[in-house]
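What follows is one structure encoded as structure tokens, with my remarks underneath.
Bear in mind that the values in this text are calculations on the coordinates, not laboratory data. From a predicted model like this one, the values you see are computed outputs, not experimental measurements. For neighbour counting, all protein chains shown are included, and Cβ atoms are generated from backbone atoms with ideal geometry for every residue, glycine included.
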Amino acid sequence: MNRRDFIKRLGIGAATIGAASIAGCNSKQSNIEAEKGTMPLRLNQNSGDKVSVLGFGMMRLPMKKQDGKDVFDQEQINRMVDRAIEYGVNYFDTSPVYSQGQSERVTGIALSRHPRESYYVATKLSNFSPDTQSREASIEMYHNSMKELQVDYIDYMLLHSVGSSMDDFNRRFIDNGVLDYLIAEREAGRIRNLGFSFHGQQEVFDEMMNMHDTVHWDFVQIQMNYLDWNHAHEIEEMNVNANYLYDELDKREIPVVIMEPLLGGRLSKVNSYVHSMLKAKEPERSIASWAFRFCASYPRVLTALSGMTYMEHLDDNLRTLCPFTPLTDDELTFLQEEVAAEMMKYPTIPCTACQYCMPCPYGLDIPGIFAHYNKCINDGRLPEQGDPNYKELRRAFLIGYDRSVPRLRQADHCVECCICMDHCPQNIEIPTRMHEIDDFVEQLKLNA
Amino acid sequence: MLRKIRISLAAVMLIGITWLFVDFTGLAHTWLGWMAKIQFLPAALALNLLVVVALLVITLVLGRAYCSIICPLGVMQDIFGWLGKRQKKNRYTYSPAKTWLRWGVLLVFVVLMLLGLGGIASIVAPYSAYGRIAQSLLQPLWEWGNNLCAFVAERADSYAFYSADVWVRSLPVLIIAVVSLVVLAILAWRGGRTYCNTICPVGTVLGLVSRFSLLKIHVDADKCNKCGLCARNCKASCIDFKNHKIDHSRCVDCMDCIDKCHKHALSYGVAVNRSSQSTRSSQSSQSTQNSQSSQSSPQQSRRDFLTTTALLGAVALESQAKKVDGGLAEIIDKKPYGRLTPIVPPGALSISNLHDRCTGCQLCVSECPNNVLRPSTDIMHLMQPESSFERGYCRPECTRCSEVCPAGAILPITREEKSSTQVGHAVWQKDNCIAVNTDDGCGLCARKCPAGAIEMIFTTIDGKSVIVPAVNEELCIGCGACEYYCPSRPVPAIHVEGHEVHKEV
């Protein structure tokens, strides 16, 4: 029985004995409540912006069913944006490719209901596809973003997902003169801050840092959280540990925008051991709160983006940060070392369900497959031969797999075309992992 | 009392067999598989002499108790008859035996079987008719109910239920099942066991034996006041109360008349041969039996030459102007491949063996957990199972169809035997192959082949150097994994052609 129920029942009991004063005296949801006006703001010395430490990532937006199809729940998005702004969130991050290309439009609709000066909007030049890499097509994409967002200037403009190779970077932004164009736009005031988002190889990052003297990056967006702080490279060889990225940016006094503070929910849906470790320290706070407090505890962090699908996500984040108590050095070490080490023991696939790999041309539900597999690992419910519970776990794994991913979209249908590989910001070797999962499932099917 | 025993046993059998047909988990078969195997016609076709002799002996002792207890179609008709009686009491009357019709139907039935048209003949076979009704009409209801449970279980985080695909295996069989059900329901509603005593070939054969059964219903003429209540409640219309005669070839031993008679004039016991009833030797019954089970020579059927579906070209994977994130690509349904030779499951030995023995009861179809088996629509093989791989393939660990077949059309086979039984072989056609027609590269058929019969090889096609699948027909067992997994839709680039006679690889 939680406190609320307890009080309610007490209230009913009290009313019957006439002590009505107790009833309904306390109806708050939790002992920790978000207070308006306490959202920490971080100063961007480049533009003087005061940015809320919680940013709204417009990638994992709420959907609803309409005529059997998934469509955006604009009404709910509006409500969430309204509440976020009410509590001081002022940074909204989107991209032309997010959510099947619909994110900018719904963001624009939600934000245009507020005064332009009450929010900062960030979008990206997402010219991944070769047919959008010409100068004209890229510039068209940029102009289209303004149109979709219903704005005449963009506060934060990013070169989207730099890092797979310098060749890729040069092809997308240098050879076609797009970077020069964007710098000119910044001078013209239509772009207030110019930066890039980074996923990938260290040498590309170093190269980008070398360009800082000439380009002057107003901010950089990196993937940072307590697991990637020391382990990103270990999880996927191509990736760089967040502590290196942060330190390099900090050295150059470049404001840091954080993406994947929660690893697509993987730092809130943790295994039960980690869950109890965290709850033991802060029993009244959510698991996700640790991830946001971790990011916000670093002073160079301008904002940490959270892709909030439900109002409850927003509420929880607001409770975490309004007001905000930075983590102590001991707590930081606890997360970076003890908790991260514990998580590393579980061989989960580092998918954050960002959907960049989708749609797979062969119909696979890549993030869905990984989510089921990871869930079984995290729950310690991966069936292994010889386990006394093998039969039960096998059944749960196979039935659960069919429930979460339709048969024709499962890992066994991967043809290894590798189209997804170019898109995965986590640099997961998707086809290899698909085959591993398929082999595992095949063994389960063969051995009842 | 006798009636209650009959009803209880019949209820057990009907529920058991129905469960056997609606169950898709394989659980029912473990406990109740024998219920299908003691059915007369399948046992005769399987040359299961033990069962056939036992059933004949039972009939010789008890009369046609088989028709009232073991035969699911008979019991099903009793339910409709009971409903009919509720609508109008005492609705039956005595009618003389339609001997010419009974023997005529039996003769046609046997001739059709001998001509290799068992598929058509089995439309009137009782057990398989019930099987078709249960599989086509009841299994979907059962599965939908199950899927509802699975839906709830999923939300309750339980793995007690998993959802099953509900799909029409074959429209002709569905139509046959519906028509059989409607006709039988009307006949049973109006006249009780009309079908059993005029059309059913098993009824005719057993009727011949039951004439001479040890235990019979008989009328005590001294007690009878000729009220006719017995005759008006006789669903077999076989009590000639005016003459105190009962046609024991049609009596199904339902015992209803015993309970109905106020004068206790009817009883079930050892026959008293009061009038000079015919005492022909039972030779003729045996001869019928022999003709039933005799092996008909494999008739080379005219094959169904379906022209292969027009080639639709490689599935063009349209590139989008702007690559956006998320969403799921549409998956086009595969079409059943028009095969030159049908594929029959491992254990069937050959197309002709399956053809000769199968009664089209659909038990294997309802069991198949991989959605491979479905009834044939070819007139020569009507309602008999064949394999196709749009929804799954014949998985190596599964031998369920071979375990359930009561007619010996699919004989029991072990996993090991199955993995070395060649039921067909894969055929690759370059026109649709992703590996040839796109730059994506594909080797899914080779990767998924459980027999290791497909190898990806370098070759040159139309001046282009490509890596394509090469089928080793000697190793291929025809399981259909390649066809199922082939990403070319709706027409796969690799498909299985059946073999007339299965062999070991």
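Calculated on the Cα set of region B:148-268, radius of gyration then Dmax: 22.3, 70 Å.
On the basis of the beta-carbon distance and an R0 of 22 Å, A:His114 and A:Thr38 show a calculated FRET efficiency of 0.65. Per 5 Å bin from zero, what fraction in whole % of the C-alpha pairs of region B:426-505 is there, up to the bin with the longest pair? Per 5 Å bin, starting at 0, the Cα pair percentages come out as 3, 17, 29, 23, 16, 8, 3, 1. Within chain B, the longest run free of GluC sites (Glu not before Pro) that sit in a DSSP loop with at most 11 other Cβ atoms within 10 Å is B:1-317. Note on A:Glu234 and A:Asp152: the model spin-label points, each 7 Å out from Cα along the C-beta direction, lie 5.3 nm apart.
Extension gain for the segment B:Asp222 to B:Trp100, taken as residue separation times 0.36 nm less the Cα-Cα distance, is 40.6 nm to one decimal.
Within region B:1-143, the percentage of alpha carbon pairs spaced more than 27 angstrom apart rounds to 28%. What is the Rg over Rh value, at two decimals, for the protein assembly as shown, using alpha-carbon atoms and the Kirkwood definition of Rh? Using only Cα positions, Rg/Rh for the protein assembly as shown is 1.12.
Dividing the summed -39500 (n - 2.57) terms of all DSSP H runs of n ≥ 4 by the residue count of chain B sets its mean residue ellipticity at 222 nm at -12000 deg cm²/dmol. For the pair region B:87-165 / region A:118-151, the C-alpha centres are spaced 63 Å from each other. Please build a GNM for chain A, connecting alpha carbons under 10 Å apart, and tell me which residue among A:Asn378, A:Asn225, A:Asn46 fluctuates the most. Answer for the Gaussian network model of chain A: A:Asn46. Between B:Thr30 and B:Glu474, the contour length at 0.36 nm per residue exceeds the alpha carbon distance by 156.4 nm. Taking every DSSP beta bridge that has both ends in the protein assembly as shown, the antiparallel portion is near 55%. Mean projection of the Cα convex hull over all viewing directions, computed for chain B: 28.5 nm². Residues within the reach of a label modelled at B:Leu2 (point 7 angstrom out along Cα to beta-carbon, backbone nitrogen below 14 Å), restricted to region B:198-238, are B:213-220.
Amide H to amide H distances under 5 Å link B:Ser350 with B:His502, where only residues 5 or more positions off or on other chains count and H is placed in the peptide plane. With coordinates expressed along the principal axes, the C-alpha atoms belonging to chain A extend over 75, 63, 51 Å, beginning with the largest. Sparse packing (at most 16 other Cβ atoms within 10 Å of the Cβ) combined with a DSSP loop state is found for the following trypsin sites (Lys or Arg not before Pro) in region A:323-392: A:Lys345, A:Arg381. Based on the Cβ-Cβ distance of A:Asn389 and A:Arg171, what FRET efficiency does E = 1/(1 + (r/R0)^6) give at R0 = 51 Å, to the nearest 0.05? Efficiency for this residue pair is about 0.50. Helical content of chain A, expressed as a calculated mean residue ellipticity at 222 nm, amounts to -12500 deg cm²/dmol (DSSP H runs of 4 or more residues, -39,500 (n - 2.57) each, divided by residue number, nearest 500). At most 13 other Cβ atoms within 10 Å and a DSSP loop assignment: could you name the chymotrypsin sites (Phe, Trp or Tyr not before Pro) in region A:291-340 that fit? Sparse-neighbourhood loop chymotrypsin sites (Phe, Trp or Tyr not before Pro): A:Tyr310. Comparing A:Leu227, A:Leu314, A:Leu382 in a Gaussian network model of chain A (Cα springs below 10 Å), the most mobile by mean-square fluctuation is A:Leu382.
With only Cα atoms counted, region A:202-314 has Rg and Dmax values of 15.4, 49 Å. Of the trypsin sites (Lys or Arg not before Pro) found in region B:163-233, those that fall in a DSSP loop while having at most 15 other beta-carbon atoms within 10 Å are B:Lys223, B:Lys226.
With R₀ fixed at 41 Å, the C-beta to C-beta distance from A:Cys418 to A:Gln45 puts the FRET efficiency at about 0.45.
The mean number of Cβ atoms from other chains found within 10 Å of a Cβ in peptide A:355-361 is 5, as a whole number.
Using the empirical formula 2.2 N^0.38 Å as the baseline, the Cα radius of gyration of region B:2-272 reaches a ratio of 1.09. By the rule of a C-alpha distance below 13 Å, with chain neighbours fewer than 8 residues away ignored, the aspartates and glutamates paired with B:Lys334 are B:Glu390, B:Glu483. In this label model, B:Thr459 and A:His435 are separated by 2.2 nm, measuring between points 7 Å along each Cα→Cβ vector. Sorted largest first, the principal axis extents computed over the alpha-carbon atoms of region A:366-446 equal 41, 23, 21 Å.
Taking GluC sites (Glu not before Pro) in DSSP loop conformation with at most 13 other Cβ atoms inside 10 Å as exposed sites, chain A has its longest uninterrupted site-free stretch at A:36-236.
Around the amide H of A:Gln223, modelled in the peptide plane, lie the amide H atoms of A:Phe198, A:Met259, all under 5 Å away and 5 or more residues distant in sequence or on another chain. Each of the chymotrypsin sites (Phe, Trp or Tyr not before Pro) that DSSP puts in a loop and that has at most 11 other Cβ atoms within 10 Å breaks chain B; the longest unbroken stretch is B:306-505. Spin-label model, A:Glu337/B:Ala329: points 7 Å from Cα along the beta carbon direction are separated by 4.8 nm. Take every DSSP beta bridge whose two residues both sit in chain A; close to 20 percent of them are antiparallel. Under 19 Å from a label point set 7 Å out along the Cα-to-Cβ vector of A:Arg135, the amide N atoms of region A:179-207 belong to A:179-188.
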